[in-house]
Amino acid sequence: MTSKYLSGVLVIALSCVLCIPARADSGKVGGVGTGTIVGVVVGVVAVVAVVLIVVIHKTSGKRTITGCVRPTQNGMTVNDEKDKRAYALSGDTAGVKAGERMTLEGKKVKADAGNPPGWEITRVRTDYGVCQP
């Protein structure tokens, strides 16, 4: 996924450089030395690559969900306090207690046909105690 975005940035940067008219006798492109242009392009590409890596790292890392855990016929769900949606719990549910308000680390799982979206737990971060009505 990272290489797809990086390739797009490189194509755009190269297109911008190639759009500047060049004169064969001066060694300059549009009045600016080619070394300067290369340096600017390399600098821009490096900054964009670092930003992409940071953004991808932040979005792919462990996330948390906080809410009240409720028992269901098929297991447990948690009602997220942020987006007000219910998620079916899976993964490491050993420390999860029904009726408790908890912060759970993990990742969102796409919904199957007819089922709510899921949350795959990697660990219980915080147990705040009994849910308040």
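FYI, it's all coordinate maths here, none of it is from the lab. Here the structure is a predicted model, which means the values were calculated and not measured. Cβ placement follows ideal geometry from the backbone for every residue including glycine, while neighbour counts extend to all protein chains displayed.
Among 87, 128, the order by Cβ neighbours within 10 angstrom, fewest to most, reads 128, 87. The trypsin sites (Lys or Arg not before Pro) of segment 82-133 that DSSP puts in a loop, and whose beta carbon has at most 12 other beta carbons within 10 Å, are 82, 84, 110. Per the Debye formula on identical point scatterers at the alpha carbon atoms of segment 63-130, with no solvent, log10 I(q)/I(0) at q = 0.13, 0.19, 0.22, 0.23 Å⁻¹ is -0.28, -0.62, -0.85, -0.94. Neighbour counts of other Cβ atoms within 10 Å put 90, 7 in the fewest-to-most order 7, 90.
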